[in-house]
Amino acid sequence: MKKVHLTREQRYTISRMHRQGYSQKIIAQTIGKDKSVVSRELKRNSNDKGKYSFHYAQDMADSRKERCKKPRKLKPWLKKQIIEYIKLGWSPEQIHGRMKLEGKPCVSHETIYKVIREDRELGGSLYKYTRHKLKHRKRYSEKHIPIKNRVSIDQRPDVVNLKQRFGDWEMDTIIGENGKGAIVMMVERTTAFCMAEKLKFGKDSKELTKTVFRMLLPFKEKLHTITVDNGTEFADHQRLAKLLNTKIYFTHPYASWEKGLIENTNKLVRQYIPKKSNFEKFNQKTIKQIQYTINDRPRKNLNYYSPKEVFFLNL
């Protein structure tokens, strides 16, 4: 049986949950792996002091891959096609998976990353098309402000965790420079189909309710749940739930992995709208074009079909 290695996102989740005291069993259930995988990861990729951190663990894993990898020559015509896909904003995994799906010859996603790194060393700009620009950024958390009558994610039906029922959504906002301006983000959990729209009055909760109601109204009959974090922009959640005849659930404070899909989708948007950007430079048309581009990308968890293809098939 082919080995499936841990992804960067899974290692990040292990690092955060381990630091917060979660058991290996709970961590394993969260990332969809066996407990033994988590135990082995913690032992194998901890530093000399026995401390496990995401960056150190990922560096160790990448280093082992480089040592074990056999050199492979990349044909010029194939390299040219790969570069075209990179410039469309596709990740190395998406490029590899989609070409494989279409029966085209291709190389591994690690080889594609090597192309990007070599281009950067020569002064090229391919790395700017990748999600993380080949570097990691520190995250910060806002002060938690209680929201009245919120319903905890602990009460959310178990069927949502399975990601098999169409109509369960996650929601978040992306904030502009100096906290000015906001974009509301929506993503459907089974298809990864996303929607984005600029909010006229920033993080105003009543304005967000009006906008989200308009965005989801066409899909109201197939809408089951919405999962959000504890941002004050969701303070009007009761009215939104009533308008859409749905249930809204709140994650635990500082537990971003509980709505990991929308967090990942936000990173995709940040490829086009970097942090600390002035949102006045981005109009509604531009944001919609970013949405269309992301929904047209092939996804690994969709067998390299695009979210748009799978979403409208379900709809």
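The values are calculated or read from the model by the stated rules, or taken from the named source; none is laboratory data. Given the structure is predicted, the values throughout are model-derived calculations rather than measurements. Note that each Cβ is placed from the backbone with ideal geometry, even for glycine, and that neighbours are counted across all protein chains shown.
Numerical summary
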{"read-out": "Among the residues listed as 227, 190, 232, 173, the single one being surrounded by fewer than 17 Cβ atoms within 10 Å (Cβ to Cβ), in contact (Cβ under 8 Å) with a residue 40 or more places away in the chain and of a type in the set (Ser, Thr, Tyr)", "value": "232"}
{"read-out": "Residue 217 being under 25 Å from residue 267 (Cβ atoms), hydrophobic (A, V, I, L, M, F, W, C), over 21 Å from the mean Cα position of the chain (by Cα) and at pLDDT 90 or above", "value": "no"}
{"read-out": "Filter result (buried (at least 16 other Cβ atoms within 10 Å of the Cβ) and basic (Lys, Arg)) within region 80-119", "value": "98, 114"}
{"read-out": "Residue ranges of helices (runs of 4 or more DSSP H) in region 247-315 with at least 1 members among the small types (Gly, Ala, Ser)", "value": "260-270"}
{"read-out": "Which listed residue, of 25, 49, 65, is among the basic types (Lys, Arg), closer than 26 Å to residue 124 by Cβ and over 21 Å from the mean Cα position of the chain (by Cα)", "value": "65"}
{"read-out": "Any pair with Cβ under 8 angstrom, 6 or more apart, that starts in region 113-127 at a residue that is within 17 Å of residue 91 (Cβ to Cβ) and ends at one that is part of a helix (DSSP H, G or I) and among the hydroxyl-bearing types (Ser, Thr, Tyr)", "value": "116/127; 117/127; 119/127; 120/127"}
{"read-out": "Flag if residue 197 is in a helix (DSSP H, G or I), charged (D, E, K, R) and either in contact (Cβ under 8 Å) with a residue 40 or more places away in the chain or assigned by TED's automatic domain parsing to the domain that holds residue 305 (or both)", "value": "no"}
{"read-out": "Single residue of region 235-250 satisfying the filter (aliphatic (A, V, I, L, M) and in contact (Cβ under 8 Å) with a residue 40 or more places away in the chain) that is surrounded by the most Cβ atoms within 10 Å (Cβ to Cβ)", "value": "235"}
{"read-out": "Some residue of region 31-48 being touching a residue at least 40 places away in the same chain (Cβ under 8 Å), of a type in the set (Val, Ile, Thr) and either under 19 Å from residue 255 (Cα atoms) or touching a strand residue (DSSP E or B) at 6+ places or on another chain (Cβ under 6 Å) (or both)", "value": "no"}
{"read-out": "Residue 217 being of a type in the set (A, V, I, L, M), without any contact (Cβ under 8 Å) to a residue 40 or more places away in the chain and within 25 Å of residue 95 (Cα to Cα)", "value": "no"}
